[in-house]
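After the structure tokens below, expect a handful of questions from me.
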Amino acid sequence: MLRTLFVFGTRPEAIKLCPLVLWQKAHPETFDVRVAVTGQHRQMLDQVLAVFGVTPDFDLNIMQPGQTLASSASRILAALEPVLREARPDLVYVQGDTTTTLCGALAAFYARIPVGHIEAGLRTGDMAQPFPEEMNRVVTGRLAAIHFAATEGARNNLLAEGVDAATIHVTGNTGIDAVLWVRDRLASGELAGSDYSFLNPEKHLIVVTAHRRESFGAGFDHICEAIGRLAGRCDVEIVYPVHRNPQVTGPVYSRLAGLANVHLIEPLDYVPFVDLMRRAAVLLTDSGGIQEEGPSLGKPVVVMREKTERPEAVDAGTVRLAGTDPERIVGEVARLLDDGALRAAMSRVHNPYGDGHASERISALSLALAR
Ligand code: UD1
Ligand code: UDP
């Protein structure tokens with residue numbers, strides 16, 4: 001019996017860890033599972049827990065409006081100490097590169113409990129992009145005992161930093177477990193689709209998300225300018241579920257509210273969001289997770305960032321990096337909309353980030369390593 005503790009706190013960590021939590025809970029003969037959520041996100045985390053039916057054993061409930069990096073980090077670290085003492089896990093899982101990830105790994109390290117880092121080895125090589133995520137990943141990598149890398153590229157990044165090869169395992173990304181699970185059930189009708197009858201099927205649907213810290217300020221002004229210019233086309237409709245960070249809602253609502261062809265909406269639950277993505281002509285985003293999901297859904301992705309830690313789909317030609325210059329963003333999206341052959345070529349379904357079975361691989365490896 002392996003006692004596992006999952007520590008997560010934001011929307012993407014929850015989407016990517018819930019499939020693994022459910023897989024281990026379905027095998028109670030081998031796994032004794034506990035879930036600790038930090039509540040770094042509140043509403044956006046709870047939306048995901050509800051979709052997957054995961055009830056946390058511990059909820060640190062740390063979110064404050066407009067929280068700073070240091071304040072979240074210090075509250076998470078302090079609140080995890082008694083949780084680890086009570087849960088006494090054999091292995092702590094953290095995922096990705098958030099403040100919760102870093103503090104979960106550090107708290108477990110202080111308690112001398114081995115850390116399994118899921119989605120290990122992503123790197124841009126630039127500590128300022130994404131900020132602070134690149135540093136969070138690097139430090140979490142140093143704290144972790146086991147590295148679950150999604151791709152060979154991620155494994156190579158870790159090897160280049162001198163990580164012991166025996167501790168790195170290529171498993172695919174658990175986020176692909178989640179998106180394929182939803183995609184297939186939406187297709188079969190097992191999961192109900194959402195009511196998107198307000199969308200005009202004659203128009204190209206552009207689904208937008210953006211939230212990166214390094215784009216706050218000028219970057220967001222540019223992103224909004226690009227969205228405004230794209231909305232000026234009469235053949236497009238833009239749906240933008242706006243991230244709840246006040247640094248995002250402020251500029252986005254003030255620049256884009258009321259614009260024709262733009263629907264600003266609250267963050268969507270995961271299933272309706274996947275349903276929305278599968279109706280899109282283009283995904284326009286700075287999200288990490290959506291760069292991975294786009295190829296699995298056969299959707300072209302235009303990334304509003306200068307650098308990405310997920311080069312596989314860029315190399316395969318289904319993701320394009322546009323940066324945050326409005327000219328480039330508008331140019332990349334317009335080219336896709338106006339060139340049907342290019343759009344078709346970029347709309348290829350492929351799964352460079354996983355095959356939907358990462359959860360079972362990570363679970364089997366965790367058991368084998370604990371023996
Ligand atoms: C965090 C992660 C980022 C990840 C992103 C996913 C860090 C440093 N950043 O960024 O890596 O890509 O989540 O979305 O860990 N808020 C709410 N309700 C919510 C969620 C957020 O009101 O459900 C607001 C709060 O005012 C909160 C603010 O957003 O203070 C910022 O949240 P925080 O988790 O600190 O940063 P994100 O920008 O969401
Ligand atoms: N997502 C969602 N609802 C939304 C927008 C995004 O469920 O309204 C999902 C999306 O499918 C992906 C994840 O949230 O799985 C990405 O989260 P985010 O962009 O906040 O973080 P990142 O991946 O950039 O860390």
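Where the centroid of each part is defined by its Cα atoms, how far is segment 1-44 from segment 339-369 in Å?
Cα centroid of segment 1-44 versus Cα centroid of segment 339-369: 21 Å apart.
In Å², and per residue, what accessible area does segment 143-196 have when probed at 1.4 Å with the other protein chains present?
Normalised by residue count, the accessible surface of segment 143-196 is 42 Å².
A further question on this structure: Compute the helix-to-body angle for 69-87: its Cα long axis versus the longest principal axis of the chain, expressed 0 to 90° and rounded to tens.
Here the helix axis deviates by roughly 40 degrees.
Hey, in the GNM for the chain with a 10 angstrom Cα cutoff, which one of V163, V303, V179 fluctuates hardest?
V163
Along the charge dipole of the chain, which of I290, V236, A107 sits closest to the positive end, that is, farthest toward it, with unit charges on the beta carbon of Lys, Arg, Asp and Glu (+1, +1, -1, -1)?
A107
I've got another one for you. Checking the cross-link filter: which lysines have an alpha carbon closer than 22 Å to that of K203, excluding same-chain neighbours under 8 positions apart?
K299
Under the Kirkwood approximation applied to all pairs of distinct alpha-carbon atoms, what is the hydrodynamic radius of segment 79-204 in Å?
Roughly 16.6 Å, rounded to one decimal.
While we're on this one: Using alpha-carbon pairs under 8 Å, 6+ residues apart, how would you state the relative contact order of the chain in percent?
15
For G298, which sequence-distant residues (separation of 5 or more, or a different chain) have an amide H within less than 5 Å of its own amide H, given hydrogens modelled in the peptide plane?
So G298 has HN proximity to H350.
Treating the angle as unsigned and between 0 and 90°, give the value, to the nearest 10°, between the Cα long axis of helix 218-231 and the longest Cα principal axis of the chain.
50
Also, quick follow-up: Contact order normalised by length for segment 161-248, with contacts defined as Cα pairs under 8 Å and 6 or more residues apart; what percent is it?
32
How many percent of the accessible area of segment 1-148 is carbon or sulfur, using a 1.4 Å probe?
Carbon plus sulfur share of accessible area: 57 percent.
By a straight-distance test (C-alpha under 26 Å), which lysines pair with K25 as possible cross-link partners, with residues fewer than eight away in the same chain excluded?
K16
Also: Quote the Stokes-Einstein diffusion coefficient, in whole µm² s⁻¹, for segment 161-208, based on the Kirkwood radius over alpha carbon pairs, a temperature of 25 °C and a viscosity of 0.890 mPa s.
166
I would also like to ask the following. With a ≥ b ≥ c the root eigenvalues of the C-alpha gyration tensor of segment 64-150, is it rounded (a/c under 1.5), prolate (a/b larger than b/c) or oblate?
Oblate, because a/c is 1.5 or more while a/b does not exceed b/c.
Would you mind telling me which residue in G232, G66, G121 has the biggest mean-square fluctuation in a Gaussian network model of the chain, where springs connect alpha carbons within a distance under 10 angstrom?
Result: G66 has the largest fluctuation of those listed.
Per residue and in cubic angstrom, what volume does the convex hull of the Cα atoms of the chain have?
Per residue, the Cα convex hull of the chain comes to 124 Å³.
Would you give the gap between the C-alpha center of segment 80-126 and the C-alpha center of segment 167-223, rounded to a whole Å?
A separation of 26 Å, based on Cα centres.
Over segment 215-321, give the accessible area per residue in Å² for a 1.4 Å probe, as an integer.
Normalised by residue count, the accessible surface of segment 215-321 is 32 Å².
In addition: In Å², what does the accessible area per residue of segment 1-55 work out to with a 1.4 Å probe?
32
Helix 99-110 sits at what angle to the longest principal axis of the chain, using alpha carbons and giving 0 to 90 degrees rounded to 10?
10
Something else now. Is the shape of segment 155-284 best called rounded, prolate or oblate, per the rule: a/c under 1.5 gives rounded, else a/b larger than b/c gives prolate, else oblate, with a ≥ b ≥ c the square roots of the Cα gyration tensor eigenvalues?
Verdict is oblate for segment 155-284.
The values are calculated or read from the model by the stated rules, or taken from the named source; none is laboratory data. This one's a predicted model, so the numbers in the text were calculated from it and none came from an experiment. Neighbour counts run over all protein chains shown; Cβ positions are idealised from the backbone, glycine included. SASA here: full protein model, heavy atoms, side chains in, ligands and nucleic acids out. Shrake-Rupley method; radii C 1.70, N 1.55, O 1.52, S 1.80 Å.
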